[in-house]
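The values are calculated or read from the model by the stated rules, or taken from the named source; none is laboratory data. The model shown is predicted, which means the values in this text are computed figures rather than measured ones. Neighbour counts are summed over all protein chains in view; Cβ atoms, including those assigned to glycine, are modelled from backbone coordinates with ideal geometry. Accessible surface areas use protein heavy atoms only, side chains included; no ligands, DNA or RNA. Shrake-Rupley method; radii C 1.70, N 1.55, O 1.52, S 1.80 Å.
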Amino acid sequence: MASLLLIDDHPLVEVALEAACLNAPIPLQLYAAADEAQARQLLQQHAIDLIILDIGLPDSDGLELLRRLRARNPQYPVLIYSAQQSRHTLLSAVSLGAAGYVVKSQSMAQLLSAILAVLGGQQAFPPLPERIALPLTEKEQQIAALLVRGLSNLQIGEQLHISNKTVSTHKKNIFEKTGVHSVVELAELWKAQQ
């Protein structure tokens, strides 16, 4: 019997996955945790074969949780089950060591198929979404490229012959348009777009 640990704060996901497990060709035992603390407790109490992680948890950064899970428990494969389907999120999950990625809009049968694939030692990733051009003006793209190279606002201003305040305004607009919260996130997104 394979043991699964679902980390998801939506009780209906647990109910649906439990029902899907009944139709699996192999016996599956499902444990569920709504947050990281409960998950750690269950990992200590049970022999888990696969972690199914929703990276959209309200109380933590799911990608950071994936990184911590892989660092602390590299023996457990992690399958991402998320509503997020951006290229950036998918590439981040791959780079952080996820064994698969299933979008919540897919059927439970597809999730079950991915679970069985990962339990069988395979990976289960959807095709990468097409690259979407960042919605930035030419000047914002110029500034974003310099930000991800590690230049400060002051250095960018000097290089482009604009004020520090103008760089700051462009940077704020870049963050808003791309949905990132830091230069590190911008660098990951920028790298994924190249």
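State whether one or more residues within the stretch 23-35 are more than 18 Å from I115 (Cα to Cα), within 19 Å of the chain's Cα centre (by Cα), modelled with pLDDT of 90 or more and not charged (D, E, K, R).
yes
From the list I174, I143, I162, which residue is farther than 29 Å from Y101 by Cα and in contact (Cβ under 8 Å) with a residue 12 or more places away in the chain?
Values: I174 fails: farther than 29 Å from Y101 by Cα; I162 fails: in contact (Cβ under 8 Å) with a residue 12 or more places away in the chain.
None of the other options fit; the residue is I143.
Being closer than 19 Å to A114 by Cβ and more than 23 Å from the chain's Cα centre (by Cα) is true for just one of A47, A19. Which residue is that?
From the options A47, A19, the qualifying one is A19.
Quick check on the stretch 177-194: of everything there that is in contact (Cβ under 8 Å) with a residue 60 or more places away in the chain and not charged (D, E, K, R), which residue is surrounded by the fewest Cβ atoms within 10 Å (Cβ to Cβ)?
Going through the qualifying residues, I end up with Q193.
State yes or no: is I26 open to solvent by 40 Å² or more (accessible area, probe 1.4 Å), assigned by the TED database to the domain that holds Y76, in contact with a strand residue (DSSP E or B) (Cβ under 8 Å, 6 or more places away or on another chain) and not in a strand (DSSP E or B)?
Numbers: open to solvent by 40 Å² or more (accessible area, probe 1.4 Å): yes; assigned by the TED database to the domain that holds Y76: yes; in contact with a strand residue (DSSP E or B) (Cβ under 8 Å, 6 or more places away or on another chain): yes; not in a strand (DSSP E or B): yes.
Considered against the rule, which asks whether it is open to solvent by 40 Å² or more (accessible area, probe 1.4 Å), assigned by the TED database to the domain that holds Y76, in contact with a strand residue (DSSP E or B) (Cβ under 8 Å, 6 or more places away or on another chain) and not in a strand (DSSP E or B), I26 comes out as yes.
State whether the residues of the stretch 51-68 include one that is closer than 30 Å to G179 by Cα, in contact with a Phe, Trp or Tyr (Cβ under 6 Å, 6 or more places away or on another chain) and among the aliphatic types (A, V, I, L, M).
Step one: of the stretch 51-68, the residues closer than 30 Å to G179 by Cα are 51-68.
Still in the list and also in contact with a Phe, Trp or Tyr (Cβ under 6 Å, 6 or more places away or on another chain): 51-52, 54.
Narrowing the set further to residues that are among the aliphatic types (A, V, I, L, M) leaves 51-52.
Yes, that holds for at least one residue.
Please go through (1) of a type in the set (V, I, T); (2) open to solvent by 60 Å² or more (accessible area, probe 1.4 Å); (3) not in a helix (DSSP H, G or I) for T169 and return the number of the only condition it doesn't satisfy.
(3)
If you check A47, A16, which single one turns out to be part of a helix (DSSP H, G or I) and at pLDDT below 95? Before you say what the answer is, go through the steps one by one.
Values: A47 fails: part of a helix (DSSP H, G or I).
Only one candidate passes the filter, namely A16.
Could you tell me how many of the residues in the stretch 86-107 are of a type in the set (S, T, Y), under 19 Å from L50 (Cα atoms) and either touching a residue at least 24 places away in the same chain (Cβ under 8 Å) or part of a strand (DSSP E or B) (or both)?
Residues meeting the conditions: 1.
Does the stretch 27-43 contain any residue that is touching a residue at least 60 places away in the same chain (Cβ under 8 Å), in contact with a helix residue (DSSP H, G or I) (Cβ under 8 Å, 6 or more places away or on another chain) and more than 26 Å from T89 (Cα to Cα)?
First, the residues of the stretch 27-43 that are touching a residue at least 60 places away in the same chain (Cβ under 8 Å): 28.
Now narrow it down to the ones that are in contact with a helix residue (DSSP H, G or I) (Cβ under 8 Å, 6 or more places away or on another chain): 28.
Now restrict to residues that are more than 26 Å from T89 (Cα to Cα): 28.
Within the stretch 27-43, one or more residues are touching a residue at least 60 places away in the same chain (Cβ under 8 Å), in contact with a helix residue (DSSP H, G or I) (Cβ under 8 Å, 6 or more places away or on another chain) and more than 26 Å from T89 (Cα to Cα).
For (1) touching a residue at least 60 places away in the same chain (Cβ under 8 Å); (2) part of a helix (DSSP H, G or I), each residue gets a yes or a no:
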site: Q75; (1), (2): no, no
site: Y81; (1), (2): yes, no
site: Q84; (1), (2): no, no
site: L112; (1), (2): yes, yes
site: P126; (1), (2): no, no
